1. Right, residue 76: under 24 Å from residue 130 (Cα atoms) and exposed (fewer than 15 other Cβ atoms within 10 Å of the Cβ) or not?
2. I need every pair where a residue in segment 143-165 that is farther than 22 Å from residue 80 by Cα and assigned by TED's automatic domain parsing to the domain that holds residue 33 has its Cβ under 6 Å from the Cβ of a residue that is in a loop (DSSP other than H, G, I, E, B) and among the hydroxyl-bearing types (Ser, Thr, Tyr), sequence separation at least 6 or different chains.
3. Taking segment 1-19 as the search range and keeping residues that are over 17 Å from the mean Cα position of the chain (by Cα) and surrounded by fewer than 19 Cβ atoms within 10 Å (Cβ to Cβ), which one is nearest to residue 140 (Cα to Cα)?
4. Just checking, which of 247, 221, 268 is in a helix (DSSP H, G or I), in contact (Cβ under 8 Å) with a residue 24 or more places away in the chain and either among the charged types (D, E, K, R) or assigned by TED's automatic domain parsing to the domain that holds residue 136 (or both)?
5. I'm trying to understand the selection: among the residues of segment 309-363, which are among the polar types (S, T, N, Q) and surrounded by 15 or more Cβ atoms within 10 Å (Cβ to Cβ)?
6. Within the set of pairs 6 or more residues apart or between chains, which connect a residue that is more than 13 Å from residue 363 (Cβ to Cβ) inside segment 337-351 to a residue that is among the hydroxyl-bearing types (Ser, Thr, Tyr) and in a helix (DSSP H, G or I) with Cβ atoms less than 6 Å apart?
7. Any chance you could count how many residues in segment 145-178 are of a type in the set (Gly, Ala, Ser), within 16 Å of the chain's Cα centre (by Cα) and either under 27 Å from residue 72 (Cα atoms) or outside any helix (DSSP H, G or I) (or both)?
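The values are calculated or read from the model by the stated rules, or taken from the named source; none is laboratory data. This structure is a prediction, so every number in the text was calculated from the model and none was measured. Cβ sites come from the backbone with ideal geometry, for glycine too, and all protein chains shown count toward neighbours.
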Amino acid sequence: MKLVAKTLYSLEEVLKTEVERLGGKNIVVGNRVVTFEGNKRLLYESNLWLRTAISVLVPVESFRFKNEEDLKRKFANINFKKYMKLNNTFAVKGAVHSSTMKHSKYPMLLLKDAVVNHFEEAYGQRPSVDLEQPHILFDLHISEQECTISLNSSGAPLFQRGYRKGTGDAPLNEVVAAGLILMSGWDQESNFIDIFCGSGTLPIEAALIANGIPANIARKRYSFQNWPDYDRQLWEDVHGEAPKQPRRDLDFKIIGSDIDGEMVKMARNNTKALPLGKTIEFQIKDFRDQKSPGKKGVLISNPPYGERLAGEIEDMYKETGDFFKHEMAGFDCWLLSSNLTALKRVELKPSKKIQVYNGSLSCDFRKYTIFEGSLKEFKFKYPNERRVPKRKPGKKKQR
């Protein structure tokens, strides 16, 4: 079957790599989407394992139409009993980009009415619409006069992993967090640290990756479990084959720290639904008091953006840069922030910048390679990157 994995802007190539590792065939990367081919097992595995997918769709109907009336007629000819039962609740979501349509929401209303009318004509009863937790979720995509109807096999978005018991005011999306980690080049064999961990999303996603545990191991429900052709035994096999214990050979640290004790308590609670053991060390600590966990590793943090406290936030970013220079020699330090003015106060030259969206906010994901040693050694090891040496005490300006 053809499968479509939806993702977020800038994560397409990361998702492609994930799909390749799962065994997807004929992979094509698009705008916030990766299409590929596979069987029902791969469909189930994709929902369980893909860390950077928002949802996995299965296209079931595709056609061209002339106008709104023609679209309505073609909807009416679809046998919806193939995709759902009368006692299933359903919903229609999607995207419409067509000059033929007067209102972008109108085709979704037409599809909803077509489903209801189909069952009413067949059984004299109407299935119920449930916009919050439908059994069956139809995804409608219209581009000019091309229409595709897909079944959303995930249901609720896949960033709803099932392990979160609490969050702060602006929690980092789990899919974004996993994408940042995979883009960072972390080798999953060296130290990982987040000095602004909040409710723990980055350290938790890092621990899942390092232990080879599926992203959605704690999730209970998927929409494909309501489909007429759901194979319970196959799903139990797929889920049963997934690792459910942490590795015993981890010889590096995964650390999450935050100055807010309530947030750290929340982060610890969020790990209880996961088979991670003592993989993560959560600390109540100001980043200024943090020490390097070792000679090598990756730091990824999503510090406060703080537009309303501009002066304080900018000072904090400057101190963050100082912390990198004084404490994190040997580390690749990454920051995600929408506050570009504050990022300048880090006063280090980033060796890489990637645009990422955190919700509706456009952010920079910036890498600072902190290297201690000679310029010759650095150029040999990192031929394509700019040197950011460890700052020595007493020096006020970074060259």
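1. Values: under 24 Å from residue 130 (Cα atoms): yes; exposed (fewer than 15 other Cβ atoms within 10 Å of the Cβ): yes.
It is true that residue 76 is under 24 Å from residue 130 (Cα atoms) and exposed (fewer than 15 other Cβ atoms within 10 Å of the Cβ).
2. 144/98
3. Ranking the candidates gives 2 first.
4. On the way: 247 fails: in a helix (DSSP H, G or I); 221 fails: in a helix (DSSP H, G or I).
The unique qualifying residue is 268.
5. Within segment 309-363, the subset among the polar types (S, T, N, Q) is 320, 337-339, 341, 351, 355, 358, 360, 362.
The answer is 320, 337, 338, 339, 351, 358.
6. 345/317; 346/317
7. Of the residues in segment 145-178, 5 are of a type in the set (Gly, Ala, Ser), within 16 Å of the chain's Cα centre (by Cα) and either under 27 Å from residue 72 (Cα atoms) or outside any helix (DSSP H, G or I) (or both).
The rows are residues; the columns are (1) closer than 30 Å to residue 318 by Cβ; (2) among the hydroxyl-bearing types (Ser, Thr, Tyr).
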{"site": "238", "(1), (2)": "no, no"}
{"site": "243", "(1), (2)": "no, no"}
{"site": "247", "(1), (2)": "no, no"}
{"site": "262", "(1), (2)": "yes, no"}
{"site": "271", "(1), (2)": "no, yes"}
{"site": "277", "(1), (2)": "no, no"}
{"site": "284", "(1), (2)": "yes, no"}
{"site": "288", "(1), (2)": "yes, no"}
